[in-house]
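Let me begin by presenting the structure, written as structure tokens, before commenting on it.
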Ligand code: G4P
């Protein structure tokens, strides 16, 4: 599988975000609860230096509840302040807002805490910002003392959020990471071959979530080669070309879409054991 990675993207993203970083006290690193490890761009940590940051794992509605529980315990044991939220159904958001209101940012006394959201594509940055600012349209661009070009939104209490998130390129060095990031929609599927991507995803599901796969596609068994399971799925859905050959692309698109929408099940790629 041919995976392309553009170093120039990181350089550009870094330039754009660095300007905003000067003006914020706290960085909200938004990540995907299904890919606790892989939805983080670790190169970004070198850029933020000593700046305070918190991790917010979104899309818990799509993630494996058992794995999420393990992660929550892991972070608690390590005294890390992290949050697991579901921006779509507005769950867990108040905890983040309250935490940001409570922290004392001593180096900038006498004014509000300012935060910005940063993350790789499709983790829900825009939805998260909209969800936590929905009650307040109080844009503060014209307020004396707030002369920044971007808009700050007052969230609650003494906490302001930059209305535009920082977008980081996803980082991956191997096929497994690429498959994970493409499956959660953070890497454009077109960067990988969709049929190959679907095959890899099916292979992962056979290994880790066989029952979800069997139930979704009404399969008799997954105790066979991934390609055979792929073909079974196509056949079960009636995705056949003239002459009865499987429509591989249609099958791939369907599996990838249904995975992304959570139709196959609540599935996570990264567990504590993968650390
Ligand atoms: P981004 O700014 O980080 O790129 O993400 P954005 O908010 O645009 O959200 C990306 C997709 O993820 C959107 O789906 C959005 O509805 C969905 N999303 C965000 N937060 C959650 C969540 O907590 N749970 C679930 N289930 N979905 C969430 P979309 O508009 O359908 O986009 P697409 O998938 O068609 O690209």
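The values are calculated or read from the model by the stated rules, or taken from the named source; none is laboratory data. Because the structure is predicted, anything quoted here is derived from the model rather than measured. Every residue, glycine as well, gets a Cβ built from its backbone with ideal geometry; the counts of neighbours run over all protein chains shown.
Things to note:
- Taken over segment 46-78, the criterion of being more than 16 Å from the ligand (Cβ to nearest atom), part of a loop (DSSP other than H, G, I, E, B) and over 18 Å from residue 115 (Cβ atoms) is satisfied by 78 alone.
- Considering segment 116-150, and only residues there that are closer than 22 Å to residue 58 by Cβ and away from the ligand (no atom under 16 Å from the Cβ), the residue that is modelled with the highest pLDDT turns out to be 135.
- Only a single criterion out of (1) without any contact (Cβ under 8 Å) to a residue 60 or more places away in the chain; (2) in contact with a strand residue (DSSP E or B) (Cβ under 9 Å, 6 or more places away or on another chain) is not satisfied by residue 59, namely (1).
- Residues located in segment 208-229, provided they are surrounded by 15 or more Cβ atoms within 10 Å (Cβ to Cβ) and not in a loop (DSSP other than H, G, I, E, B): 208, 210, 212, 213, 214, 216, 217, 226, 229
- Only residues that are outside any helix (DSSP H, G or I) and in contact with a helix residue (DSSP H, G or I) (Cβ under 8 Å, 6 or more places away or on another chain) were counted in segment 230-256, giving 4.
- Against the test of being surrounded by fewer than 22 Cβ atoms within 10 Å (Cβ to Cβ), modelled with pLDDT of 95 or more and either more than 10 Å from the ligand (Cβ to nearest atom) or closer than 18 Å to residue 130 by Cα (or both), the options 43, 32, 86, 81 yield a single qualifying residue, 86.
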